[in-house]
Every structure is written in C-alpha cells, then in structure tokens.
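The values are calculated or read from the model by the stated rules, or taken from the named source; none is laboratory data. Owing to the predicted nature of the structure, the values given are computational and were not obtained by experimental measurement. Every residue, glycine as well, gets a Cβ built from its backbone with ideal geometry; the counts of neighbours run over all protein chains shown. When the accessible area is computed, the model is the full protein with side chains, heavy atoms only, and any ligands, DNA or RNA have been set aside. Shrake-Rupley method; radii C 1.70, N 1.55, O 1.52, S 1.80 Å.
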Amino acid sequence: MERGSVKQEMVESKSEIKTGLTNAALIWSRILDVLQEQVSKDGFATWLAPTKGIQLEDNILKVEVPNSFFIDWIGQYYLNAIEEATKNTVNTQLRVVFCTKDSTQNSHAVTQIRSIKVQPYLTKLQERYTFDSFVVGECNRFAYAACKAVAESPAEVYNPLLIYGGVGLGKTHLLHAIGNHAKKLKQGLRVYYTAAETLFIELIQGIERGNTLNFKSKYRSQDILLIDDVHYLVGKERLQEEIFHIFNNLHGEGKQVAFTSDRPPHEIPTLEERLASRLQAGLVVDLQPPDIETRIAILRRKAEKEGFELSQDVAYSIASRVNSNIRQLEGCLIRLIAISSIQNKKITIEIAERALNAIVPKTDFVTKEKIIEKVANDFNLRVSELKSDSRTRNVALARQIAMYLMRKLINLSLKEVGAYFGGKDHTTVLHACDKIEQMRTQDIETDERLNHLILGIKGV
Ligand code: ADP
Ligand code: MG
C-alpha cells in the first residue's frame, strides 16, 4: 500500500496525537500492542517493550532501541512478526527501520522489514571491532591471520581478500578490525567501510539523479575499501559491474579491497566470473562455526569486558544451547546481564536456565508432538486428522507442512517421519518436503505462515 494510506492513517489518528504522542510513537505503540499478543511474554518484555517509535517520514518508521544487540536480536527473531503486525495495524507497507540512540544521526536503513537476512549496517568503521577483542580458535585462526596480514601490509599480500562464512560468525567484526588496525599502524590512511546493500541504495539514488560520478569517486579515493556482505549482489548485475570497476580501479592503483560474503565465491557465479582472475591473486578464507571451547572463551571475554561475573556452569549452559551464531551467544549473555542488574542478584545456573529457556529453547524442547499440535492448531484441525489417511486438501497440506517441519527443525529421518504418520513411505515424506520447500520460495503467504509457525513452535 502506498504512502497515501499512511497519511490517511495519520490523519485519522490526529485525535490521539493530542494526547502528546507523536505519530511515530503512536503507530509503533499500536504495532507493539499487536505484537504483544503474538510473541512470548518474556521475549516481548526483553526485546520489544524497550523500543520506541521516534520518527515517521514518508513511509519509513524509525524505531529506537537501547543498543545494537536489540537490532541483532529483533532482526533474527521478530521481523516476520513485526511485518505482520505492521500490516494489520496500519495496513501498509510501512518500512520499519531500527536504530540505536547513538546511531540515530549517522546510520540509515539499519534493519528493515522484509529483509530478514539483512544485518544492521553501520556506515562508519566501528571501533569496538578489533583484533584484540576477537577470540581466536581453530574455526577462525586462518581467517584471523589473513586479515591481520592485510591490515599490516595493505595491498601487498592478499588483494582482494574475501572472507566468507555463516551468519554471526564474525565476518563483519574481522572486516572492521582490518580497518581499525591498519589506521592505527598508519596515520592518515583512508579506510572506508560499507555494505553492499548501502552501495546499492547509493547507486540507485545516483541513477535517479542522473549522476553516478560521485558514487564512483567517493570509493575510488580510498586506500582500503571494505565491502560487507557481497552476497547481496546476487542477481544485481548493474551493481556488480559498478563494484567490479571500482575494485579494478583501486587494485590498479595499489589499494586494498576486502569483501565478506555468506557464501563462497562460486555461489555468486557472475561475480566470480568477473573477479575470477583477481581472486586468484587474492585470498579466500572461510569462518567455521566455533567449537564449544571457543564459544565459552568468547562468552568469558565479553563478560569480563562488561564486568559481569560469569560462572563456568552458566557459560557452559549458554554455549551448549547456541552452537553456531556468535551474535546469539552474545544476546544470551546480555539478557543475563540485564536480569542480574535489574534484579540486582547473582546469576545462578537456575536463574540462567529459566531465562534462557524463554529465549533460546534447547532444541530438544522442539518435539514431534509440539510440531504436529501447532500445525493442527494453525489449520483448525485435530492432531488425529493429520495422522489419519484423509486426503482432503487442507488436511493433506497441513500434514505435509508438519512433515517438512519435523525434517527441518529436528532433523528426523524420512523413515522416522513416515513412521510417525502411520507408516507412510519415505518417498511420500520426501515429496512433501520438496513441495513445501518449493511453495515457500514461490509463495510469500506460505512462507510467512511457516515462519510464523516456526516461531510458535520454538516458543520465541
Ligand atoms: P557476521 O558478520 O559474520 O554475521 P559479526 O561479525 O557481526 O558476524 O559477529 C557477530 C557478533 O559476534 C559480533 O558482536 C562480534 O563481535 C561477535 N564475534 C564474532 N566472532 C567473534 C570472535 N571470534 N570473538 C569475539 N567476538 C566475536
Ligand atoms: Mg555481518
């Protein structure tokens, strides 16, 4: 829906504005009302209640959160619910953008609805991301060493450098660390950090204004250019071309470029083709999920920095729940720190377990029974119907979704799933999973329904 209806909405809510709330605050608080019904009580209290709407311009609603962990956490868990709630509340494609107090002035589009995978982008080099604050383990030793070498000898060792790895494994951290370290070693060095998505927005703006020259010259005048999340370039040919030219130019002048991506280069085929010969001259390093010792070490390091006393058993409890995403690991710790400071008490393993259950359920909390119940509920059916042989369309679809979720959420084998549904053949299960996966990519409504279901099942 268009701007018109947001305006309409704003007009309609004039009477309420008199109460002193701004439009932004008002609309956001309505969205929060809806969200409160949809997410767990604890989740709401921790992550959503402390947010506030601060600005509404065109169709962008800016929401302020206490710190960047909130952006990460909300981005990870609540975007779908927020999107849904926004649609229901203002019946609009309002874009919700999150920012922290200190980033209000200088960061644009931090996290926006519809881009669940998009992490918050801060456009400046972040000082807190340094090599010193990066915990090194087997999983990241090589990437760390490569980044450090690049920072110490820009454009001399690995150019370009490409770091790839899954979400929350430290790509952005390392990229900033290169910049920070290089600047420290050589004063006056021009280092520029940006995200591929930001580049895209700038490019579009340049094209709209009929001027892409500024866009180019800004990037071409850097000594070190750091571009985060280039997987965003998939399918964006024009942007790839521009980036390739900028890169060529910098490379030709002996300037350093480093990229990150959530996948290896061969999974961004057109980019790889263009960069192929260059990448050979450079280096591609990957980040693996951290093992438990590294996870515990990261938690200890963070706790120490925050002046928080973290006992070994609590550290272990967090580390054994969250096994890959370091951002999530930090999120758990922050929650415990918050509880401890609000309630002014020491975090025992019991308190920790209770608090963590609410936000990161142990995977074994997700069971076949829970899945089938939630799905049946969502379709207004009985569990027994899903387990029956009924081929009614609705029942069949619900059954297929349940099968799919059992595979996806608890990794049951095809055989186990088949057995659970009264001895169905494993090819039936396979077919169901393929079908749902496909529907999910093709039909946005199904995708939303599933995301919602998954959140419900995980009890987020
Ligand atoms: P990515 O860009 O790969 O999604 P980030 O670089 O944003 O991940 O990392 C997520 C969070 O985890 C950040 O707060 C970062 O500081 C932290 N982090 C990641 N890896 C490490 C590590 N090895 N040591 C300490 N903190 C880390
Ligand atoms: Mg990142």
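Miscellaneous remarks
- Fully extending the segment from Thr428 to Gln312 would add 37.1 nm, taking 0.36 nm per residue of separation and subtracting the current Cα-Cα distance.
- Backbone amide hydrogens, once placed in the peptide plane, bring Asn323 within less than 5 Å of nothing, excluding anything fewer than 5 places away on its chain.
- Net charge of the neighbourhood of Ile351, taken over other residues with C-beta under 14 Å away and scored Lys/Arg +1, Asp/Glu -1, is -1.
- Per-residue SASA remark: Met439, around 50 Å² accessible (1.4 Å probe; ligands, DNA and RNA not included).
- Per-residue ellipticity at 222 nm computed for the chain from its helices equals -17500 deg cm²/dmol, with DSSP H segments shorter than 4 residues left out and the rest contributing -39,500 (n - 2.57).
- Solvent exposure of Phe69, expressed as accessible area, is near 40 Å², computed with a probe of 1.4 Å over the protein chains only.
- Here segment 309-386 and segment 139-199 have alpha carbon centers that stand 33 Å from each other.
- In segment 258-391 the Cα-Cα distances spread across 10 Å bins starting at 0 as 10, 27, 18, 21, 18, 5, 0 percent of all pairs.
- R0 of 51 Å, Cβ-Cβ distance Asn377-Asn211: FRET efficiency to nearest 0.05: 0.40
- Less than 5 angstrom separates the built amide H of Val96 from those of Leu61, Ile113, all sequence-distant by 5 or more or on a different chain.
- Exposure of Asp262 as accessible area (Å², to 10), given a probe of 1.4 Å and all protein chains: 50
- Unsatisfied cross-links (Cα-Cα over 21 Å) in the set Lys183/Lys218; Lys148/Lys218; Lys368/Lys424: Lys148/Lys218
- Label positions at Glu138 and Asn88, each projected 7 Å from the Cα along the C-beta direction, are separated by 4.7 nm.
- Largest to smallest in accessible area, the residues Ile54, Ile334 fall in the order Ile54, Ile334 (1.4 Å probe, all protein chains included).
- Neighbour net charge for Gly331 - beta-carbon separation under 14 angstrom, K R +1, D E -1: +1
- Distance between the pseudo-spin-label points of Gln442 and Ala358 (7 Å out from Cα toward the beta carbon): 4.2 nm.
- Per residue accessible area in Å² of segment 251-388, where ligands, DNA and RNA are left out and the probe is 1.4 Å: 51
- Extents of the chain, largest first, come to 69, 57, 51 Å (Cα atoms, principal axes, whole angstrom).
- Rounded to the nearest 10 degrees, the inclination of helix 444-458 to the longest alpha-carbon principal axis of the chain is 80 degrees.
- Rounded accessible area per residue of segment 28-75, 1.4 Å, Å²: 42
- Within the accessible surface of the chain, defined with a 1.4 Å probe on protein heavy atoms only, the carbon and sulfur portion equals 48 percent.
- For segment 200-282, trypsin sites (Lys or Arg not before Pro) are listed when DSSP marks them as loop and at most 15 other Cβ atoms sit within 10 Å of their Cβ; the list is Arg209.
- Computed over protein heavy atoms with a 1.4 angstrom probe, the accessible surface ordering of Thr260, Thr428, Thr392, largest first, is Thr392, Thr428, Thr260.
- Angle in degrees between helix 349-359 and the longest Cα principal axis of the chain, rounded to the nearest 10: 90
- Full-stretch length increase - Lys345, Glu127 - with 0.36 nm per residue and alpha-carbon distance subtracted: 75.4 nm
- Nearest-ten-degree value, helix 393-410 long axis tilted from longest Cα axis of the chain: 50
- Net charge, Ile436 excluded, C-beta distance under 11 Å - Lys, Arg +1, Asp, Glu -1: +2
- Annotation for segment 222-250 versus segment 418-440: alpha-carbon center distance of 41 Å.
- Accessible surface for segment 122-191, divided over its residues, is 46 Å² per residue with a 1.4 Å probe.
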